[in-house]
Structures are given as structure tokens and as C-alpha cells.
1. Given 197, 189, which one is more than 24 Å from residue 258 (Cβ to Cβ) and in contact with a helix residue (DSSP H, G or I) (Cβ under 9 Å, 6 or more places away or on another chain)?
2. Select, from 160, 145, 194, 199, the only residue that is assigned by TED's automatic domain parsing to the domain that holds residue 313 and modelled with pLDDT under 95.
3. Residues of the range 62-79 being within 11 Å of the ligand (Cβ to nearest atom) and either part of a loop (DSSP other than H, G, I, E, B) or not assigned by TED's automatic domain parsing to the domain that holds residue 44 (or both), which ones?
4. Consider residue 33 carefully, then state whether it is free of Cβ contacts under 8 Å to residues at least 24 places away in the same chain and either surrounded by fewer than 19 Cβ atoms within 10 Å (Cβ to Cβ) or over 23 Å from residue 329 (Cα atoms) (or both).
5. Please determine whether any residue of the range 251-271 is touching a helix residue (DSSP H, G or I) at 6+ places or on another chain (Cβ under 9 Å) and on the phi > 0 side of the Ramachandran plot.
6. If we scan the range 261-283, do we find a residue that is within 15 Å of the ligand (Cβ to nearest atom), under 22 Å from the mean Cα position of the chain (by Cα) and not assigned by TED's automatic domain parsing to the domain that holds residue 57?
7. Can you give me the number of residues within the range 199-221 that are away from the ligand (no atom under 15 Å from the Cβ) and surrounded by fewer than 18 Cβ atoms within 10 Å (Cβ to Cβ)?
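The values are calculated or read from the model by the stated rules, or taken from the named source; none is laboratory data. Just so it is clear, the model here is predicted, and its values are computed rather than measured. In this analysis, Cβ positions are derived from the backbone assuming ideal geometry, glycine residues included, and neighbour counts consider all displayed protein chains.
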Ligand SMILES: NC(=O)c1ccc[n+]([C@@H]2O[C@H](COP(=O)([O-])OP(=O)(O)OC[C@H]3O[C@@H](n4cnc5c(N)ncnc54)[C@H](O)[C@@H]3O)[C@@H](O)[C@H]2O)c1
């Protein structure tokens with residue numbers, strides 16, 4: 001079995017347009033060329049009292065007539081940053097489509113962060129009223145860096161980034177690193193989450209909180225909020241939103257821990273139109289109506305923003321299909337590189 005390290009993966013990712021890959025995955029998902037089982041999550045508390053978890057996320061996706069199957073196993077312990085370790089890490093395994101045997105294992109950190117950022121960037125481009133001029137982020141870890149790196153390379157429109165972290169030093173270090181690369185952007189360390197969020201065109205929470213703290217009235221009209229870390233918004237940020245968009249409704253609905261899944265279980269969320277069944281609304285009008293899944297916006301089956309003032313919340317639960325598709329691309333890039341190297345050396 002081929003093994004690709006973190007460095008191998010980082011090198012190969014430079015050859016792949018991640019936004020293009022995630023768009024292809026959504027199109028495949030819209031036309032039933034995917035198999036997306038529920039993910040399984042093992043949670044425990046370690047001997048230091050810290051929360052640990054292991055996610056196993058299998059999936060199969062067919063793009064350009066080629067099927068790729070695999071799984072991402074991604075583990076995290078909240079205490080790791082204090083031990084000088086990344087909070088999360090894992091592997092993506094690829095399976096041979098004929099024999100089902102494992103063919104490749106690759107480090108998951110960059111794939112996972114990169115595909116998550118690519119989904120947010122694609123969602124923002126589909127739903128913003130105009131190209132973002134200001135971005136507000138809460139959390140200054142690996143995901144914040146992946147988002148800003150991708151977005152700022154792609155969008156010349158951005159003039160200002162406001163970043164808050166509960167450990168202010170982390171926000172300072174990240175803004176310094178990015179400031180060296182993106183010299184036309186003004187980076188500000190926000191001393192509160194509210195300062196980072198208020199009046200940003202695009203809001204991206206990327207923390208590890210399980211307790212909401214962003215109320216609806218921090219979010220300006222016209223804003224797109226991509227709720228990457230899933231538990232930062234308070235319920236009224238969903239109920240007041242003009243549109244709520246999810247990546248995959250079945251994953252959101254199956255989840256028992258995150259806010260939107262919990263609100264669904266209490267009867268407060270109406271699924272997107274293609275998942276509605278007679279009587280799904282229950283006895284009272286749900287407070288949140290999910291307008292669409294991202295794949296429907298990309299395929300054109302659903303329309304997105306209706307007015308420049310709409311507040312839009314995207315809730316990207318995270319789909320294994322993106323990890324597997326990106327890993328499949330890297331696997332082929334690796335083989336192509338080997339073929340070119342052996343052709344030129346003979
Ligand atoms: N939706 C998806 O598809 C998806 C995919 C990958 C990761 N994630 C989630 O993204 C989040 C961030 O991941 P990461 O790898 O960047 O984590 P990380 O540990 O590298 O960084 C998280 C940062 O958030 C800060 N933070 C935590 N709680 C905070 C709060 N209440 N206010 C301000 N700052 C706070 C921490 O100090 C830390 O610097 C995680 O919750 C992860 O589960 C979501």
C-alpha cells in the first residue's frame with residue numbers, strides 16, 4: 001500500500017484546484033453518483049479530563065466516469081495544542097474499486113482543512129451579494145489559516161480581515177504570517193468575537209466551542225455566514241436568517257450533537273424541499289426552513305440569494321466525499337508525476 005506523508009500531500013495539493021474538485025463532487029452528489037453513509041463518531045474523555053474524538057467518514061464518488069472510494073479517519077484531542085501538537089490529525093484511506101483492497105494511505109490534515117476551505121469559498125461565491133471586501137473570523141487555528149490562504153489567493157476584492165481568538169496570541173501570530181504574504185489586505189486582531197463579526201461581508205467561525213455565542217444582531221444585512229465549526233451561532237442567528245443552506249441534509253439530520261441537528265430533533269427545522277415528506281413539519285411551523293443543499297445551488301436546481309440584504313447562513317456539516325475525491329486526485333497526480341519522472345530519466 002502506498003503511503004503519502006504530510007509533506008507529500010502538501011506538495012501534491014499545489015497541483016490541484018480544490019474549489020473545482022469540491023464543485024465536481026457536489027454535481028456528482030446532485031445526480032446520485034455518490035454513496036454517502038452516515039459518519040461514525042467515537043467520543044471519550046481522556047485521563048486529563050479533555051474531550052477526545054475519532055471520526056470515521058467513508059464515501060464513494062464518481063467523477064468523469066471514474067469511481068473513487070475511501071474513508072477519512074480524523075481524530076482530535078482538545079488538549080493537544082498545549083502539548084505542542086495539532087488538535088486534529090488522521091489519514092485518508094483509498095480503496096481499489098474492483099478488489100476493495102486498501103491501495104493508499106495519506107495524511108489527512110491538509111486534505112481536510114483544504115477541502116473545508118474550498119467548500120466555504122465556493123459557497124461564498126455562490127451566495128454573496130458582491131465579492132467580499134471584509135472577512136471576519138473567530139478562531140485562529142489550522143482551519144482559519146486554510147480559509148484565509150485560499151480565499152485571499154482567489155479574491156482580489158478583500159481589503160480587510162478581522163480575526164479573533166480566545167488566545168489572542170494565536171490571532172496575532174496568524175495575522176503576522178498572512179500579512180507577509182497578502183500585503184494589500186489590512187489584518188486586524190479583534191479583541192472580541194463581536195468586533196470580528198460585526199459588519200463583515202463574510203463571517204467564518206472556526207473555533208472548537210460547543211457553546212453558542214453569536215447572536216443574530218451581530219450579523220449585518222447582506223452577510224454570508226459560513227458556520228464551519230457548527231456550534232458558534234445562537235439559535236436566533238438561524239431563525240432570523242433569510243436563507244439557511246446546508247451541504248448535505250441527511251448528515252445534518254442524523255447528527256445529535258450540533259445545533260442545527262438538535263433544533264431539527266426538537267421540530268424547529270423544516271428540511272430542504274427535496275427531503276420534505278408529508279407531515280414533516282409536525283404540528284407547528286418550524287422556526288427554520290432550510291432553503292437548499294449546496295449541490296442544488298450548484299446544479300441550478302435551487303436559486304440562492306434573493307436580495308442584496310439577505311442574511312444567509314451556510315451550515316457545512318462536512319462530507320467525506322470531498323476528502324475522498326481530493327485524495328483520489330492526489331493519488332493520480334502522484335502516479336502521473338512518477339510516470340513523467342521515469343519517462344524523462346529513460
Ligand atoms: N464543517 C466542517 O466540514 C469542518 C471540517 C474540519 C474542521 N471543522 C471544525 O473547525 C473547527 C476548527 O478546526 P481547527 O483545526 O482550526 O482547530 P484548531 O484547534 O487548530 O483551532 C481552533 C482555534 O479556535 C480557538 N477557539 C476555541 N474556542 C473559541 C471561542 N469560543 N472563541 C474564540 N476562539 C476560540 C482556539 O483557541 C484555537 O486557536 C473545529 O471545530 C473543527 O471540528 C469543521
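1. Answer to the selection: 189.
2. Matching residue, one of 160, 145, 194, 199: 199.
3. Passing the criteria: 78, 79.
4. So residue 33 fails the test.
5. No, because not a single residue in the range 251-271 is touching a helix residue (DSSP H, G or I) at 6+ places or on another chain (Cβ under 9 Å) and on the phi > 0 side of the Ramachandran plot.
6. Taking every residue of the range 261-283 in turn, at least one turns out to be within 15 Å of the ligand (Cβ to nearest atom), under 22 Å from the mean Cα position of the chain (by Cα) and not assigned by TED's automatic domain parsing to the domain that holds residue 57.
7. 5
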